[in-house]
Each structure stands twice: as C-alpha cells, then as structure tokens.
C-alpha cells in the first residue's frame, strides 16, 4: 500500500490508534491478513442484517453495527501497519482494494434484506453497485493520471458511518413500533449520496484531463478516442 493512496482520517492521529498500531507491528500479522479480516467482519455484518430480516431482534442490529465498525478499524490498521510498520508488500494494493469491494457488497446487500420491504433487496443491491462504482471511478482517474480522490459526500467511511447510525436508530424503531422504515430511508439516502459522489469524482477527473496540455494525436481514428483496437 502506498502512502499517497491513503484516505485522510483524523482517527489515525489518536493515541489509542498509535498504541494499537505498535502492538500489531510487534506481532507476525501482516497488512494483507488484516485486509482479509476486514472482509470477514463485513460478511458477519451482512449475515447479522440478513438474520434480522428473519428474526427481527434488536441484537442483530447491534452486531451488524459492531462488525461494520470492526471492518473500518481493519481498513485503517492495514494501512498503518503497512506504512508505519514497514510491512507493506508489492501486492498490498490488491489486498487493500479487492476485499473492500466485497465488503461493501456484503454489508449493503444485508442491509437491504434487513429493511424487510418488497424492494429492500433491490435498494441494497443498488447501494452495493454504486459503492463499487465510487471505487472504480477513483481507480480509473488514477490510471489516467488524475489525483487519487476520496471525496464524498458518501465515500466508504461516510456510507459505513451512516449505516451504523441508522442501524442503531433502527433498534429504537424496532422496540417502540416494530417497524423497519429507517433502514429503508437510510438506504435511499446512501444511494442518493453515493450517486452524487460518483458524479463529483467523475467531474473532477474530467476537468483535470481537459486542463492537461494537448498531446500529439495519432492520425488513426480509433487511437484518437484512446482505443487501441475496436475489432471484436
């Protein structure tokens, strides 16, 4: 993992984070293993949400929220152990990004089922696809030479923070009214915010590319569009 590709988090500067980083660096655990653990936490969160759809007990929402936060903790610690502990590997970016995409899918799909609506699963699926798109646009921009952007308003930490808060609020809704509208409304907000995030990131990449000086363009039409080969 490269330091330049890390999202800015104020939490990294806290004393308990520095302490935990030192403890992890002193062990044999690797950043790649921490990244995989984050995906396990996401699976457990998604399963907790799914279990809530079959047995709507508030404990499942508590577990879902806890595992979301553990996923985020692992996401932060893998980078810290890699960079500050000098344990980074050449394949670190793969372990940093691929488990993250699956983690988003597991959690958001599970939340969709937990919403207990005829279209809750569809909303969860939509939120998951858009979450993957935010990362795709960010990575595409980087491959085109644009600055790596983690802008929101619904980047990963914002999505997971919002879903954690919604899950905890849904506990009160479940206990008091035995309804699940908050999860549904929360998914709609996450979808809207993630759509806006995709647009903002794509627009930033577009403006960056358009401001670059003109380069010598090959006369072949396909290459003018950046396509090496259009033949199927």
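The values are calculated or read from the model by the stated rules, or taken from the named source; none is laboratory data. The structure presented is a predicted model; accordingly, all values stated were derived computationally and were not measured.
Here are a few things to note about the model shown:
- Odd one out for residue 207, checked against (1) over 30 Å from residue 53 (Cα atoms); (2) modelled with pLDDT of 95 or more; (3) under 16 Å from the mean Cα position of the chain (by Cα): (3)
- A single entry from 86, 79 fulfils the requirement of being at pLDDT below 90 and under 17 Å from the mean Cα position of the chain (by Cα): 79.
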